[in-house]
Every structure is written in C-alpha cells, then in structure tokens.
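Novice: The structure's right below; bear with me while I get my questions together.
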Amino acid sequence: MSGPAAVAPSTPPATPPTAPTVTRGGRGSWVGGGAMLLVVVLLAAVVPYAVTLGALSSLVMLFALVILGTTWNLLAGYGGMVSVGQQAYVGVGGYALIQLADAVGAPPWAAVLAAGLVGAAIALPTSYLVFRLAGGYFAIGTWVVAEVFRLVTMQIDGLGGGTGLSLSAFRGTDRVERVAFVYWFALALMVAVVLGTYLLMRSRVGLGLTAIRDDRVAASSLGVAVDRGRRLVYVAGSAGAALAGALIALSTLGVTPGSIYSVNWTAAMIFIVVVGGIGTIEGPIVGAVLYWVLQQALAPLGTWYLVVLGAVAVAVVLLAPRGLWGLAAGRYQLFPTTHHVRPLAASATVAPRTGR
Amino acid sequence: MDWLNAGVQGVLLGGQYALLACGLSLIFGVMRIVNLAHGVLAVLAAYLSLVLVEQGLPLWLAVVVVVPVFAALGYAVQRGLFNPALAQVGGGARGGSGGGSRGAGELAPLLVSFGVAVALTNLLQVVFSADTRKIPTGGLASAGLPLGDLSVGVLPLITLAVAVAVIAAVQLFLARTATGRAMRAVADDAGAAAMMGVDPKHMYAVATALAFATLALAGVFVGMSTQFSSGYGDLVLLFAFEAVIIGGLGSLWGTLAGGVVLGLAQTIGAQIDPQSGVLAGHLVFLAVLVVRPGGLMPRSVPA
C-alpha cells in the first residue's frame, strides 16, 4: 500500500534556460502528497488502536463515501455524464457481496472485489442502453435503470424480497477481529481507488476523457475514441459504486432493497463531488470528509439534515462552482494531473497552462 | 373482460402521465434543462391543495389558487436558480444553436434541480410526515360511468380530457401567439432572438411559469386519484420522463401517446402480476429505447 507521494512526479530538472520547462506538480505536490501519506499511515497504524469499535465502523462509512464520490466524479467530472442512478450499482455490489460470501462461500475480501467485478459486468451491457440518452435525459434514464434493478432484485427468489438479506459469513468471528478487518480492508480499497483514478487521469486515456468532457465533437475530430472513453468511465465508475456497496453491506452486515438501492446514495455522491470540487481528484475526498462530519453532527436533526444538504449543494453550484477545493487551493494540486509550462525567463510574461 | 378493463384503465391513466409530462417536455424543449425537481413539485402542488381543501375551500377554488401560485413560483425559480445556472455555461443567455462546448454545460442546471429535489422532498417529509395522503374529492374519485360491463372512472376521464385540453392549449399558444413565437425563437437561437428584441431570460421564465402551472394542475389530479407521500415525487418524475421518451421528444401529442403506452403497460403488467405494474412500465420504456432509438433522439438533443 503506497501513498500518493510514491507516484508524485519528479521535480523540474535543473536544465539551463535554453528551452521552456514543462513540469507536473512541484514542491507543493510533494509536501501535500507526503502529508496525505502520513494521514494514511496514521489511519492504518494508530487510529485503530485509539478509537472505539463504533468509531471504526463509522470510518468505514467515510472510506466508502470517498470511493463513491471519487467514482461519481469520474463519471460527471471527467466523463461529463451526470448519472442519478449509481445507486443501482451500490445495490448490486451489496447483494453480490452477500451472495458470494454466503451462498458461494468466498472469503469476504475476495467477495468484495468480486462484487466490484459483478458491478462492472452489469454496467457494460447497461451502458449500451443508457448511452442512447443524452444529457439530462441520461440522468433520469439511469434512475429508471436503478429502479428496475431494485424491483427485479425484490422479485428474484432467494434474495429476500422486500426485507433483504443479512450477511452470515462473519458468524463465529470475534467482533473486534471483524471490525478491524473491515476497517483495514476498506482503507486499503479507498487508497487503491483514489490512486487508480489518479493514474487513470494522468494517462493518455485520462487526457482524452478531459477533452471529451470539454467538447465532445472537437475531441472526436482530434481522434479521441469518444464512445470507448465514455464507456470505460461508466464501467469503472459503476464498479467503484459496487465496491462501495459491498463495503457498506460488509460493514452493516446486511442489505434491504429500500436502503441499498436508495437514491440518497446518489444524492450523497453529488453533494460530495459538487461541494468538494468537481473535476478534481482532491475535491471528492474533501467533500466526503465534510459530508461525513455533517452526517455525524446533524444526525439529531433527522430529515432536516437532507434538506440542508440539498440547499448547500444548490448554493455551491451557483456561487462557488469549483467547490471547496477550488476555493481553498486554486491551481494547487495534491494529485498533479496537468502540466505547467514555464517559458524562457526573458519572455515569461504569460505562462500558458494546460488542462483544467 | 379483465383485460379489456385493464386496457381502458391504462388509456385513462395515460392521460394523467401525459399531463404530468407536459411541463417536463416544455422546459426541456425551450431551454434544454431537465428539471429533476419536476416530480416533487407536482407532489408539493398536491399537498398545497390538500391543505386548502382541509381549510374548507372547495376543490375547484383550491385549483384556481394553486395553479397561479405555481406559475409565479416557476417564474421566480427560473429567474433565481435556473437562469444563473444556465449563465455558468457560456456567460449570459445561451448563444446560438451551435452552443459551443456543452459537456459541462448541462451540469449546473441538472445539479441545481437535483439539489432542489432532495431538499424539497425531505422538507415535505418533515412538514407532512411520511404518511400517505389523498385529496378528498367527495366521491368523485370513486364515481364510475357504466359502459357495457365495464365501469369507467369519472375522475380518470376528466383527467384525460384536461390533459388533451392542456396539450391543445399549449400547442396553440406556441403556434399562434406572439409570446409563443418568441419562445420558439429563443429555443432555436437565443442569441439571434435577443438581437430581435426578445429577452431570453424573461422568455425562459415565462416558459417555466407555464410549465409549473401545468405541473401544478397535474399534481392536483395525482393527489385526487393516488395515495401520495413526500417520496412519491420520484415516481412521478420517472413516469413523466418515460412518457416523454416513449412518445418521442419534441411533440406534445407524442407525449400523450407515450403516456397512454406507459399507462397500458402498467395496467396490463399489473393484470399479469399485481406486483409488477410499475416494473412492466419501466421495461416497456427500456424496450422502446432499444427498438426505436432513432425516433427518440432527434437532432435537437445535444450530441
């Protein structure tokens, strides 16, 4: 398990000023990446021994929220596809985990990973269906698909109908052992998803995705494989949602169709991404932490909590469209995906930048 | 006979869906916004008229109050929320039909309307609890006209008639009035329309006001015929959307046909298995998407 710093790019080479220098990140990324590595190490090595089991379970939810936000951001922030139906894959992941762990007998960690694959396998054919709709109609179309998944799940024999399933694979396992295992596993999965997203966005594919988001027609005319790129993002984003759904089911020891297929998961993803900062890797992490803190703090308010959430999301879209990360950090990147070009000192009046 | 009954009920149900879909279609047609708060707003209209009726107002008077209130609300929502969201796209009112880059463009209005939907759904739940309610109609909802061996509900019949009347009125408005022409002009090319002296922002707000008025009317009919609760808005949105897509974008009469197809799918599906009516409707929608995509994606949809 390596931290973000391990993949941060090298600092600018000390070349003489005969050519413009092109850099990624810089000292800020090293410092920020180091800080994040430290946080991950603390979460892995110190926190489990310092807090209660209840707090650990609650942190598992935070890790799942980071995964949900990061993968929804992949869809909307990089793929330009607003899906209101990602709860479909949260649900698929949850049910797949319980079936694989209980009925098939797979070890829980393998069942979670396999649940992610199941999500991807279902998302691929589904993409051919929902890609027939564009823009806003894509959004509602994905919601219809999620409803179909929920209704079909309730009709399949052996999936518990309206009452859902509970996980029995941990029966006989010591509670401390179980919570600790789920905690470390969720942490590792979160780090892997965030790093994977970062590497994807740094790659040639990621560059193509950004181009598709900004102008699909122009990207296509420059040779970007638009459909393949969007499909890849949809499948990867849905696999992420399924992983998160599996983690949630693993942590709560069960699923009910009403809650695991709830549109509130998508509401959470949208809040996390929009408030954190859409189209950045850091934004969904910030947004997930904020969502999680608000959830803990406003829990006594009950339903009002979601009223506040919706209102805050509207306000952020209208007043601070780049989100909290955009407001706080500006162009600073913990996960540098773009290049900075520094022209020769003599003519360095305007430094053109790429990306974002 | 049961099947015939299911067919008749399905057609009548289609009237309600078409009425619901009218506003969704109008807002999308004029400014390419998909209003995800559409369903919960219809439920809000149902709650408002329920409150008025419980205060002792006759139902027709409640409708006369709620519909203009919603038109005003629509104007305000467009001016206060949707226009600023649209302005993020390309600075000011949308440019020509070419539109420039649009990938991120649909994002802001969609997210704003989704935020409104989440906030409003839960606000309604706080205020009215999650219990299901129904607008009292004094026997109208259960009245039936004998037709051979069948009994045709009076309320669904009225709903279908109102749906046809509303669609015809909106079509006439768009085709024959100066405001309707200006609205179509703005939908085609906001920049050019602005140069001809039409204010796109005002025109968008008028379109949303009209859409909200029809959706309020639809919401009242839903409230009279169905046990609704705060969460019912989600289903309303999905049904309205399915009616629009099945019927084909851009045609209100098509939406009526789409509503009828959806209503038929649901009642016939429920006839086969009482648990599966809604699912059957969704599946017919997906089947249409697979079989007739050409008719479902006209060029007016951003590619």
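Every number here is computed from the coordinates shown, using simple stated rules; none is lab data. These figures come from a predicted structure and were not determined experimentally. All Cβ positions, even for glycine, are placed from backbone atoms using ideal geometry, and neighbour counts span all protein chains on display.
Novice: Over all directions, the average projected area of the alpha-carbon convex hull for region A:22-347 comes to how many nm²?
Specialist: 18.3 nm²
Novice: I need the Debye-formula profile for region A:71-130: one equal scatterer per C-alpha, no solvent, reported as log10 I(q)/I(0) at q = 0.13, 0.14, 0.15, 0.16 1/Å, two decimals.
Specialist: One equal scatterer on each Cα of region A:71-130 leads to -0.39, -0.44, -0.50, -0.55.
Novice: Find the centroid of the Cα atoms in region B:142-190 and in region B:39-88, then give the distance between the two in whole Å.
Specialist: Using only Cα atoms, the two centres lie 19 Å from each other.
Novice: I would also like to ask the following. Using only the alpha-carbon atoms of region A:166-325 as identical scatterers, what base-10 log of I(q)/I(0) does the Debye formula give at q = 0.16, 0.21 Å⁻¹?
Specialist: Normalising to I(0) and taking log10 leaves -1.11, -1.45.
Novice: Further, regarding this structure: Give the long-range amide H neighbours of B:Gly153: residues separated by 5 or more places, or on another chain, with amide H under 5 Å away, using H modelled in the peptide plane at 1.01 Å from N.
Specialist: B:Leu145
Novice: Also, quick follow-up: Which whole-Hz couplings ³J(HN,Hα) result when phi for each residue of region B:182-197 is put into the Karplus expression 6.51 cos²θ - 1.76 cosθ + 1.60, θ = phi - 60°, listed in order with x for Gly and Pro?
Specialist: 4, 5, 5, 4, 5, 5, 6, 7, 4, x, 5, 4, 4, 5, 8, x
Novice: So, one more: Taking a point 7 angstrom from the Cα of A:Ala103 along the C-beta vector, which residues in region A:169-192 have backbone N less than 20 Å away?
Specialist: Within reach of a label on A:Ala103, which here means backbone N under 20 Å from a point 7 Å along Cα→Cβ, region A:169-192 contributes A:169-171.
Novice: Principal axis lengths of region A:52-186 from Cα atoms, whole Å, largest first?
Specialist: 49, 34, 22
Novice: Continuing with the same structure: Per residue of B:277-284, count partner chain C-beta atoms within 10 Å of its C-beta, then hand back the mean as an integer.
Specialist: Other-chain Cβ atoms within 10 Å of each residue's Cβ, averaged: 3.
Novice: Shifting gears a bit: Using only DSSP helix segments of four residues or longer, with each worth -39500 (n - 2.57), what per-residue ellipticity at 222 nm results for chain A after dividing by its residue count and rounding to 500? Let's see the in-between values first.
Specialist: Details: 15 runs with 230 residues, N = 356.
Result for chain A: -21000 deg cm²/dmol, rounded to the nearest 500.
Novice: Also: Which residue, chosen from A:Leu207, A:Val314, A:Trp292, occupies the Cα position most advanced towards the positive end of the dipole of region A:22-347, where the dipole is computed from +1 (Lys, Arg) and -1 (Asp, Glu) charges on Cβ about the Cα centre?
Specialist: Towards the positive end, the residue furthest out is A:Leu207.
Novice: Per DSSP H run of at least 4 residues, take -39500 (n - 2.57); add these up for chain B, divide by its residues and hand me the 222 nm value, nearest 500 deg cm²/dmol.
Specialist: -24000 deg cm²/dmol, from helical runs alone.
Novice: Tell me the Kirkwood hydrodynamic radius of chain B in angstroms, computed as one over the mean inverse distance between distinct C-alpha pairs.
Specialist: Mean inverse Cα-Cα distance, inverted, gives 19.8 Å.
Novice: Amide H to amide H under 5 Å from A:Gly254: which residues, 5+ apart in sequence or cross-chain, H placed 1.01 Å off N in plane?
Specialist: Here the answer is A:Leu167, since their amide H atoms fall under 5 Å of that of A:Gly254.
Novice: GNM, chain B, Cα, under 10 Å: largest mean-square fluctuation among B:Leu24, B:Leu52, B:Leu41?
Specialist: Looking only at B:Leu24, B:Leu52, B:Leu41, the biggest GNM fluctuation is shown by B:Leu52.
Novice: Pick from B:Asn83, B:Asn122, B:Asn35 the residue whose mean-square fluctuation is largest in a GNM of chain B, springs joining Cα atoms under 10 Å.
Specialist: Of B:Asn83, B:Asn122, B:Asn35, the Gaussian network model singles out B:Asn122 as fluctuating most.
Novice: Based on the Cα atoms of the protein assembly as shown, what semi-axes does the equivalent ellipsoid have, where each is the square root of 5 times one gyration tensor eigenvalue, given in whole Å with the largest first?
Specialist: Ellipsoid semi-axes (Å, largest first): 43, 32, 22.
Novice: Test of understanding: in a Gaussian network model of chain A with alpha carbons linked when under 10 Å, which of A:Tyr183, A:Tyr261, A:Tyr137 would top the mean-square fluctuation ranking?
Specialist: In the Gaussian network model the winner is A:Tyr137.
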